Each structure stands twice: as structure tokens, then as C-alpha cells.
1. If amide hydrogens are placed 1.01 Å from N in the peptide plane, which non-local residues have theirs closer than 5 Å to the one on Leu180?
2. What net charge is computed for the residues neighbouring Gly65, neighbours being all others with C-beta under 14 Å from the C-beta of Gly65, Lys and Arg scored +1, Asp and Glu -1?
3. How would you order 61-68, 123-130 from highest to lowest mean count of nearby Cβ atoms within 10 Å?
4. Round to the nearest 0.05 the FRET efficiency obtained for Asp137 and Ala52 when R0 = 22 Å and r is the Cβ-Cβ distance.
5. Mind listing which GluC sites (Glu not before Pro) in region 90-137 are in a DSSP loop and have 15 or fewer other Cβ atoms within 10 Å?
Amino acid sequence: MQKKKKKLAGLVILAVIVLGLCGALVGVRRWAEADKEAQTTVYEELTPDLTADEIASIAYTDLEGTFRTFTKTDDGWTWEEEPDETLDDDAMESFAAGVTGVSIYHTLEDVTDLEQYGLAEPAMTATITATDGTSHDIVIGDVNDSTGGVYVCLDGETSTVYNVASGLRSTLNTEIDSLLAEEEESTASDAESTESAAESTESTAESTGSEG
């Protein structure tokens, strides 16, 4: 009788272990499926008809209230307000990519109070124009603390607010120095050499004049 009880207790313990393992496997499987779903989530884009390589110009106001216009031609990018400054083409391509392909996390419709989204008097605005003339106006509002995204309105449709990837906001607030091409060291060296040559010529001329 005692042996039967021990055998029964052993079977019960084994059954509990098996059930525990089954539960753990089910939990791991569900976690893996949820993780896979999160990784494969495809979001709609704010401006699906615009791609970085099709942009002709980007005109925007950053958080500091500074307005800038960048235009692109076959010769590269130009800063319209400061045409003497040379923009770095690679940096500008990254900048252009940052304002296109922006993912929409959530769409709010029939919005009547823009102030709660920071869109009543937005600090940041942008107008992006493509080579075919397609243009989009974007106003950027507050950051959503839950999603990390930002609220925006598109093309004057103020009754619809989009919560989009924050990369748009950070891109438009990029420090201008990081978009400028670095000056080549040889340019400074050439300038110094030219200055030294001029001083040498001047010194020789003075010496010749004194001898005369």
C-alpha cells in the first residue's frame, strides 16, 4: 500500500512537471509570434508619393524659428539663403531621406482642438517639393510621450492629425553645420603659400629698390 502511494505521488509530480513544461513552451511560442508580428509590422507612409531621390526642394522652419530652403539640381544641393555656403551632398541625401518615407503610427480624425497636439501654432513647418511638381505642406507639433512619435498635419487638412515617426522632427532640427561640406585643408595651405609668395615678392622688390 505504501509503495502504491509513493508511486502515485511520483506520477503526480511528473504530471505537474510535464504540465509546467508545456505551459512554458506555449508561453515561449506566443512570445516568439508576438515578436515576429512586431518586427513585420508595416506602417503607411505620410507622403508615399515622395521619395528622397525625387526631391527638388525642401523649405522648412526649425524649432529655433530659422527658415531655410534647400534645392537640388544635377550639380548637387544649394542653400538658397546662403548660396556661397557649400552643402555636403551625402549629408543632404540623408536629410532628404529623413523627411520622406515617414511612418504613420496612428491617425486621428475629426479633430477640432489642435492645441492639445501642439498644432494650433506649430513651431516647425516644412514644404517638400518633388521634381514633377508634387508638393506637400507639413506642420509639426508636440511629441507623443507614449509612442515617441510626433503629431503632424498634412496639406492643410487640420481635421486629421497623424502621429508619425519622430525622425521627421529631428531631421528638420538638424544643426546646419552638419550639413555643410568640410573645407579642404589644401585650400588653407594654398592660401598661406600664396600669401608667403606675395610677401616674398614684396620683400624682393623693396630690396631691389634700396639697391637702386
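Rule-based calculations on the coordinates, nothing more; no lab input. In this text, all values refer to a predicted model and were calculated from it rather than measured experimentally. Counting neighbours? That spans all protein chains shown, and the Cβs are built from the backbone with ideal geometry, glycine included.
1. Asp88
2. Working: positive: Arg68; negative: Asp62, Glu64, Glu81, Glu121.
Net charge around Gly65: -3.
3. On the way: 61-68: 12.8, 123-130: 18.2.
Ranking the peptides 61-68, 123-130 by packing returns 123-130, 61-68.
4. Details: r = 18 Å, r/R0 = 0.83.
Computed FRET efficiency for Asp137 and Ala52: 0.75.
5. Details: sites: Glu93, Glu109, Glu115; in loops: Glu109.
Listed in order of number, the matching sites are Glu109.
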